[in-house]
Amino acid sequence: ALVWTFLAATASRCNNSELAGRAILRAAELDPKLSLKRAELAMSAFVSSENIHIVLALLGAAGLH
């Protein structure tokens, strides 16, 4: 699911809301408990603490709550 959330954030950053939404749906299929908090915990190993809020905003724009 982590790869799909990264794809969703990237697609959201590129203003591709269709792809971002599909990526969030796929991530949620793989991890039914997926949430912004859960994504934050998983991504914290890969995204600096200075930038995590940007990634979470992008995921929120992609439809993750």
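The values are calculated or read from the model by the stated rules, or taken from the named source; none is laboratory data. What you see is a predicted model; the values in this text were computed from it and never measured. With ideal geometry, Cβ positions are generated from the backbone for all residues, glycine too; neighbour counts draw on all protein chains shown. Remember, those area values only see protein heavy atoms, side chains included, never the ligands or the DNA or RNA. Shrake-Rupley method; radii C 1.70, N 1.55, O 1.52, S 1.80 Å.
Only residues in the range 14-26 that are closer than 15 Å to Leu58 by Cβ count as the first member; pair them with residues that are open to solvent by less than 20 Å² (accessible area, probe 1.4 Å) and part of a loop (DSSP other than H, G, I, E, B), Cβ under 9 angstrom, at least 6 apart or cross-chain, and list the lot.
These pairs meet every condition: Ile24/Leu64.
Being open to solvent by 80 Å² or more (accessible area, probe 1.4 Å), not in a helix (DSSP H, G or I) and not polar (S, T, N, Q) is the filter here; which residues of the range 1-56 pass it?
Listed by number, the residues that qualify are Cys14, Pro32, Lys33, Ala45, Phe46, Glu50.
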